[in-house]
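The structure appears below as structure tokens.
The values are calculated or read from the model by the stated rules, or taken from the named source; none is laboratory data. Every value quoted in this text rests on a predicted model; they were computed, and no experiment measured them. Methodologically, a virtual Cβ is constructed for each residue, glycine included, from the backbone with ideal geometry; neighbour enumeration extends over all protein chains shown. Protein only, heavy atoms only, side chains kept; ligands, DNA and RNA dropped before computing areas. Shrake-Rupley method; radii C 1.70, N 1.55, O 1.52, S 1.80 Å.
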Amino acid sequence: MERIKIKFNGNEVEVDSGKTILDVANELGIHIPTLCNFEPLAPKGYCRMCVVEDRGALKASCVTPVAAGMEIQTDTPLVKEARYINLQLLFGERNHYCMYCESSGDCELQDLGYEFGLDHFDFPPYERKFLVDNSHKFLTIDHNRCILCRRCIRACSELAGHFVLGERDRGFNTMIIADVDVPLGESTCTSCGLCAQICPTGTIKDKRAAYLGKEVQSDIIPSTCDICPLGCGINVYRRSGSNFIIKVYGDWDSPINGGVLCKLGRYSVLYDERKRLLASKIRDDFGYRKIDFDGVLKIARSRIGDDAVAYVDGSLYNEELALIKKVFGNNVYSINPVEPPIPSSTDLSGLSKAEGYIVIGVDLNKDYGVVGSMIKRRVLGEEKAKLFVVDDGFNSLTSITENVFTFKDIEQAFDKAKGLKDVVVVFSALSDTIRDTLTKRGELKYLWLPFETNTIGLIKNGIKYEMKSGKNVFFFGKDHKKIRERFPEAFVICATPFEIEETEKIDLLIATKDGFEREGTFYNLEGKSLKRNKALESEYNVIDVIDLLSELSGKTKSEVI
Ligand code: FES
């Protein structure tokens, strides 16, 4: 990159030619107000709050590249007046009466009002009333609060890859729309919620978070999503001094998801309707009776021995798995399959550079939303990468490609992808036939999406998918379906957070912590060890699996990890 000389507030500086004026100001520590600009979105120059003066001319600094000979002034009377008028226009265009807005205190427009000392409207406030779109399960759009910064549109396409939000009409008639202007709840929105996370005003809001607390009233706990094995970085907003979560945001700085989340990562923990096990219970001839931690320990200890087998699922963290192995030795098995049909030969950075994708038998929008975003933004964005979907059932990815094949015709997908330099095959489970077909194709790169959050941790711990019987069968995890059916004669002990139908057939039920009540590490699909931080205290009479296992093994988690 060429180095050039410019003047910045009277001082000569040497800068890289490809940078914008705003980039250089940030490097020099010079404050320029911005509103529509938001890294990592491409700058567009919509709001004009960032204007600066260059030899008498006003320029939007976020979109203007530096050029040799520029003489940038960031604080002249002309600059101040232009920014002030622009801000007045933004406030005047729609309903920005902060005292009636739920986002008051969490609003970048309001922050600028304070910065510029706005104490009145210079222009008559715009009186036209706009629609409030309340049709979506998780989101609401109040168009009266919109400043047309289009951050939502850009985030929906450039970052999340969904391309649902757009705009219609021009000037102050411009409206943010979903698809071809249908209510958001009837659109193809995948409910990733990124638009609400990035909206600078009170226009797009997470419904559940409304009225629960502002950012300044929150403890922001950095953590990792543990819904799937991707391991997206998240920030959990917990109301300060309280024990409830206001909202979950994607971490803009996460190298995995860069702020993007899927519906499951953002909302599933907050809208979890599964029935919690509220206390541990032992079954006897008269039914169930509650049992305390000491009682649980006594029974569990009496059942551990050579005739005991432990089953686990991939919801367990590495520390828990290590302690389970201490207690049960090699008698630990996975209740679900763990082995990849074909091991991955690329990673997420390989995925984000590919020219073509063959997605086999997995609906990414549904089960691995952020992997879907990574692919969709390249397929629907400027890169114009090619997408091939191979599936026999419903797969929502088929709506964005013409290249759709059944399993039987998978060879046609490979033929069509021929000629593309870099093709990644993405899959989770595969039939033996498809696996054999794939292994013959050495030129392809594979990305396996493991079945559960910590499937890789199970593999690293040598825990295999096998059905071994024992007189006493223990289960640790969430997915204890069919364990009684599989071991009808055994004494079955389940340490689990939820009640399911089968719960009533278990001999000892140990109610455990779940969600943000737990903490620990797990391996994501790339084999990176990620930390899930605790954000809630449990309000139920439940046991931390780590405490239970420490008592049973006589070891602490730091002694085994
Ligand atoms: Fe530069 Fe909006 S921040 S135009």
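For this structure, a couple of remarks:
- Screening K44 against (1) in a loop (DSSP other than H, G, I, E, B); (2) open to solvent by 80 Å² or more (accessible area, probe 1.4 Å); (3) away from the ligand (no atom under 14 Å from the Cβ); (4) under 30 Å from V216 (Cβ atoms) leaves a single unmet condition, (3).
- The one condition in (1) away from the ligand (no atom under 16 Å from the Cβ); (2) in contact with a Ser or Thr (Cβ under 8 Å, 6 or more places away or on another chain); (3) at pLDDT 95 or above that Y114 fails to fulfil: (2)
- Near pairs, Cβ below 8 angstrom, 6+ apart or cross-chain, from segment 412-425 (touching a residue at least 12 places away in the same chain (Cβ under 8 Å)) to any residue that is surrounded by 14 or more Cβ atoms within 10 Å (Cβ to Cβ) and of a type in the set (D, E): L420/E355; K421/E355; D422/E355; V423/E355
- Only one of L78, L109, L58 that is in a helix (DSSP H, G or I) and either within 16 Å of the ligand (Cβ to nearest atom) or open to solvent by less than 40 Å² (accessible area, probe 1.4 Å) (or both): L109
- Residue in segment 146-154 that is of a type outside the set (K, R), touching a strand residue (DSSP E or B) at 6+ places or on another chain (Cβ under 7 Å), more than 17 Å from K263 (Cα to Cα) and open to solvent by less than 20 Å² (accessible area, probe 1.4 Å) present: yes
Quick grid of which residues meet (1) assigned to a strand (DSSP E or B); (2) surrounded by 14 or more Cβ atoms within 10 Å (Cβ to Cβ); (3) touching a His at 6+ places or on another chain (Cβ under 7 Å); (4) at pLDDT 90 or above:
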residue: D409; (1), (2), (3), (4): no, no, no, yes
residue: E443; (1), (2), (3), (4): no, no, no, no
residue: I459; (1), (2), (3), (4): no, yes, no, yes
residue: F474; (1), (2), (3), (4): yes, yes, no, yes
residue: H480; (1), (2), (3), (4): no, yes, no, no
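- Scanning segment 262-271 for any residue that is part of a loop (DSSP other than H, G, I, E, B) and open to solvent by 40 Å² or more (accessible area, probe 1.4 Å) turns up at least one such residue.
- Among (1) open to solvent by less than 20 Å² (accessible area, probe 1.4 Å); (2) free of Cβ contacts under 8 Å to residues at least 60 places away in the same chain; (3) out of contact with any helix residue (DSSP H, G or I) (no Cβ under 7 Å at 6 or more places or on another chain) - the single one A495 does not satisfy: (3)
- Condition check for G92: open to solvent by less than 30 Å² (accessible area, probe 1.4 Å), outside any loop (DSSP other than H, G, I, E, B) and more than 16 Å from the ligand (Cβ to nearest atom): yes
- Scanning segment 220-238 for residues that are open to solvent by 20 Å² or more (accessible area, probe 1.4 Å) and either closer than 20 Å to G527 by Cβ or small (G, A, S) (or both) yields D226, I227, C228.
- The set of residues in segment 529-553 that are small (G, A, S) and in a helix (DSSP H, G or I) comprises S550, S553.
- Residue that is nearest to A67 (Cα to Cα) [pool: residues in segment 17-41 that are modelled with pLDDT under 95 and away from the ligand (no atom under 16 Å from the Cβ)]: S17
- Tally, over segment 122-144, of residues that are modelled with pLDDT of 95 or more and more than 26 Å from the chain's Cα centre (by Cα): 2
- Test: residue in segment 128-136 that is surrounded by 13 or more Cβ atoms within 10 Å (Cβ to Cβ) and within 29 Å of D75 (Cβ to Cβ): no
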